[in-house]
Amino acid sequence: MLALAALASPLFLYLIVRTAVVGLSPPMAATFPPADYAPFVGELIPAFADPRVPIPAQPLSMARRAALTAPLAEDPFFLFGRQAATEGKLDRAIRLMEESRRRRPNFIPTRLLLMAYYSQTQRYSEAVAEMEYALRSSETVRGLVLPELVKALRTPDGRAALADVLARPPEWREEFIRTAEGQPVSPEEARDLLERVRAKRPNADLSLERGLYLQALVKAGRPREARSVWLASYAEAERARHQQLFDGAFAGSAAPQPFGWSLRDSEAGRAEIVRSGRASYLEVTYFGGRSVVVAEQMLTLAPGGYRLSFDAKSEGGITSGELAWSVACAADGPEIGRIRIVGVQAAYRRYQGELNVPAGGCPSQSLRLVADPGDVAAAFTAQIDNMQMVRR
């Protein structure tokens, strides 16, 4: 499997070994040999964990003596396994490194070298098992391995191996998906992974894998397709309710980004969904000083005219500054609609405004709640509810 072979590359293992252990340099080790070889062989291990570093004859001789004087030690087997791999004797290298693992199962370099040897001999399930152990055991290793592991998505064999692991699922599953979302992954690769995991666990919660697929579609400039894929997971009545706008009642329903509400909290202002008894609403608190987006959602409206409406109230009113809903073509495209919340009172009142989505160049839109400062510094709090987007 090319993906696992890439993970086991010398440079990559060297980076991991550098973070996992602190070693001595081989010249120093060879210059000051102690009388008791067994402890010293253990100190040599970090220096030779990097598979690119050749093992001189003297440390190997020390390891052979240590194996006789300390027959339960694991370190000689580590060096013997390294040397066998250098000589191209992978079957022997695996047997020796397995013995080293048996004697010291929590030593990460042993696990990673075994992962490399297993993958080179096409023992992929065993290679994945070693990889899983390393990921579970070390946050540092996860930070290095996961970005490389995302590269396995580029090949069918890699996706098959990942699906086997993700279907279990491992404790680092969400961390892996979040890492993949930040890297180039094609929609086809993400969909294939989703289908492979679904085939192995038909009734499992695949929201993370589906979210990766949706993100890949959006990044590929196919936001409407992404929304259709997402809405297909809902019953027909629920699907129709979220067709234009998601969770306009601010009930706090979950949705994968970027289709759900993204609520901000900054020194200038914040927005949060508040539940009071059976009611819920969006509450905005603005402190002033600068313009700030406090709530945002991606839309995928087809070309044409729409009406956006909502209820708003404010106990103290808005005496300075402005609160408004803005709709613009994403990303950073022209604004195509703005509804200002003016004359807001202590009781809810209805606001509405028109917008028109152009026929070209606007496949997705950004709906944003924007708070702007006024001539006089003044804070305010407002509540918004019952938001709807309907086609005219």
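Quick notes on this structure:
- Applying 1/(1 + (r/R0)^6) with r as the Cβ-Cβ distance of Ser137 and Glu335 and R0 = 45 angstrom yields a FRET efficiency of 0.35.
- Cα-based helix-to-principal-axis angle, 207-219 vs the chain, degrees rounded to 10: 70 degrees
- On full extension, the segment bounded by Glu126 and Ser276 gains 48.7 nm, given 0.36 nm per residue less the C-alpha separation.
- Semi-axes of the equivalent ellipsoid for the chain, Cα gyration tensor, largest first, Å: 59, 24, 16
- Mean residue ellipticity, 222 nm, helices only, the chain: the sum of -39500 (n - 2.57) across DSSP H runs of n ≥ 4, divided by residue count and rounded to 500, is -13000 deg cm²/dmol.
- Extended-chain gain in nm, criterion 0.36 nm per residue less alpha-carbon gap, Ala232 and Ser266: 8.8 nm
- Note on the stretch 262-391: percent of Cα-Cα distances in each 10 Å bin, starting at 0 and stopping at the bin with the largest distance, equals 13, 43, 34, 10, 0.
- Whole-Hz ³J(HN,Hα) from phi, Karplus 6.51 cos²θ - 1.76 cosθ + 1.60, for the stretch 88-103, glycine and proline x: x, 9, 5, 4, 5, 4, 5, 4, 5, 6, 5, 5, 4, 5, 4, 7
- Over the stretch 273-320, equivalent-ellipsoid semi-axes from the Cα gyration tensor in Å: 24, 18, 12
- The spacing between the stretch 335-350 and the stretch 267-327, judged by their C-alpha centroids, is 9 Å.
- With contacts taken as Cα pairs under 8 Å and at least 6 residues apart, the chain reaches a relative contact order of 12 percent.
Read-outs: derived from the displayed coordinates by stated rules, not from any lab. A quick note: this is a predicted structure, and the numbers were derived from the prediction, not measured. We place every Cβ from the backbone using ideal geometry, glycine too, and count neighbours over all the protein chains shown.
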